[in-house]
Structure formats: structure tokens, C-alpha cells
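Trainee: Here it is: the structure, laid out below.
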Amino acid sequence: MKERTANNVHTAFVEEAKAHQRLLLFAKKAEEEDLQQIAHLFRAVAAAEGVHSRRHFTLLESVADTQTNLERAFQTETAVNGIYYPKMLREAEEDAEETAALVFSQARDVESFHAKLYKKALDHLIAQRFTKYNVCTVCGYVSESEPPQTCPVCGAPSSKFETVE
């Protein structure tokens, strides 16, 4: 793909992915306000934006076999944890942006746990063991089996964890 088109596809992917997430948050707010039909509309359009973002993504990156995907996910999480978030955290601290610094710090810490989960999955790929996962809805920490009493990254109570089916 030519550079200009690749840049446009990347921009489209980012914007569609953001729209998908934004609309899911809008739907959640509409539900809190007991506006079920509006929440339903936001979720429907979010699903469409998700289709767009996935189509753009497949133009940018390939999806390989599961072992390759796990290896790639492990490498990505390791780079994000070791390179990108530390830089963002340092810059947020330099800018005295405490909230952003906290979010970057927690995301960095969570990414290291994600990398460990991918590594463990790679080690057990052949066994194909089923593990139940629970995600902290505050910071994104993923626990295996049962959620902890409090999140080891952000301190959220176990009630803030959602089981991933």
C-alpha cells in the first residue's frame, strides 16, 4: 500500500475505533439516565463503527495463526509497558498532569500483567486449558480464575471486576 493511503487507513482506523468506544460510553450514560432506546441506538452505531475499524485494521495488519498472534501480542505488550508508557508517564509528570500520569502509570503496570498472561498462554498452547478471566473495569487489570479482593494495580474492589465470557 502506498504511504499516503496507508496513513489515511491508519487515521480512519484510529477514528473509527475511537467512535466505537465513544458510542459505547454514550450508551452506558443513556442507560444510567434510563433512556433505553437511545442506549440501544448508540450500541447499534457502535457496532457499525466496530465493523469499520476492523476492516481498516485488516488493511494495516494481518491476523496470523494463534501462536504467532500470541507471540506478537506478548511483544507488543512488552514494548508498550517498557517503552511507550514510561515516556508518556514522564511527560505527563513534567507537565504536572496528575490524572494523566496516574492513568499512564496504571496502564503501564497492567500491560506487564497482560504480557505475563500471553506468555503463560504460549507456554500452555498445546494443553488448551480453559481459564476464566476477570477484568477490572477501572484500570484494565486481568485476573485469572476469581477476581482479587482488591485490584493490585488501582485498588478497586472485586465488585468492579467483570467476567469475560
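Trainee: Once you list every other residue whose beta carbon is under 12 Å from the beta carbon of Thr76, what net charge do they have if Lys and Arg are +1 and Asp and Glu are -1?
Mentor: That sum, taken over residues with Cβ under 12 Å, equals -3.
Trainee: Give the order of Glu32, Glu93, Glu165 when sorted by the count of other beta carbons within 10 angstrom, beginning with the fewest.
Mentor: On the way: Glu32 9, Glu93 14, Glu165 5.
Lowest to highest Cβ neighbour count: Glu165, Glu32, Glu93.
Trainee: Just from its helices, what would the mean residue ellipticity at 222 nm be for the chain, if runs of 4 or more DSSP H residues each count -39500 (n - 2.57) and the sum is divided by every residue, rounded to the nearest 500 deg cm²/dmol?
Mentor: -22000 deg cm²/dmol
Trainee: Here's a follow-up. Tell me whether region 51-125 comes out rounded, prolate or oblate; compute the Cα gyration tensor, take square roots of the eigenvalues as a ≥ b ≥ c, and use a/c under 1.5 as the rounded threshold. Walk me through the numbers before you get to the answer.
Mentor: Numbers: a/c = 3.09, a/b = 1.57, b/c = 1.96.
Oblate, since a/c reaches 1.5 and b/c is not below a/b.
Trainee: If you don't mind, there's one more thing I want to ask. Whole Å is fine, so just give me how far the alpha carbon centre of region 1-35 lies from that of region 127-151.
Mentor: Rounded to whole Å, the Cα centres lie 26 Å apart.
Trainee: Continuing with this model, one more query. Which shape class applies to region 3-60: rounded if a/c is under 1.5, otherwise prolate when a/b exceeds b/c and oblate if not, where a ≥ b ≥ c are the square roots of the Cα gyration tensor eigenvalues?
Mentor: Prolate is the answer for region 3-60, as a/c is 1.5 or above and a/b outweighs b/c.
Trainee: Okay, next question. Please name whichever of Ala121, Gln75, Asn134 sits farthest to the positive end of the charge dipole of region 40-165, dipole taken about the Cα centre and charges placed at Cβ: Lys and Arg +1, Asp and Glu -1.
Mentor: Ala121
Trainee: Note down the net charge around Tyr118, summing +1 for each Lys or Arg and -1 for each Asp or Glu among other residues with Cβ under 14 Å from its Cβ.
Mentor: -1
Trainee: Which net charge results for the neighbourhood of Cys136, defined as the other residues with beta-carbon distances under 14 angstrom from its beta-carbon, given Lys and Arg at +1 and Asp and Glu at -1?
Mentor: Working: positive: Lys160; negative: Asp109, Glu111, Glu144, Glu146, Glu162.
Within the 14 Å Cβ shell, the charges total -4.
Trainee: To the nearest 20 debye, what charge dipole does the chain have about its Cα centre, counting +1 at the Cβ of each Lys and Arg and -1 at the Cβ of each Asp and Glu?
Mentor: In total the dipole reaches around 520 debye.
Trainee: Next question. Would you calculate the separation in nanometres between label points at Gln21 and Lys2, each defined as 7 Å from the Cα along the Cα-to-beta-carbon direction?
Mentor: Rounded to a tenth, the inter-label distance reads 3.2 nm.
Trainee: Among the helices of the chain (complete DSSP H runs), which have Cα atoms covering no less than 15 Å along the helix axis and a Kyte-Doolittle mean of at least -1.0?
Mentor: In the chain, the long hydrophobic H runs are 3-32, 36-60, 98-123.
Trainee: So, one more: How large is the charge dipole for region 1-78, taken about the Cα centre, if only the Cβ atoms of Lys, Arg (+1) and Asp, Glu (-1) carry charge, to the nearest 20 debye?
Mentor: The calculation lands at about 260 debye.
Throughout, read-outs are computed from the coordinates displayed, never taken from laboratory work. Since the structure is predicted, the reported quantities are computational estimates derived from the model, not experimental observations. In this analysis, Cβ positions are derived from the backbone assuming ideal geometry, glycine residues included, and neighbour counts consider all displayed protein chains.
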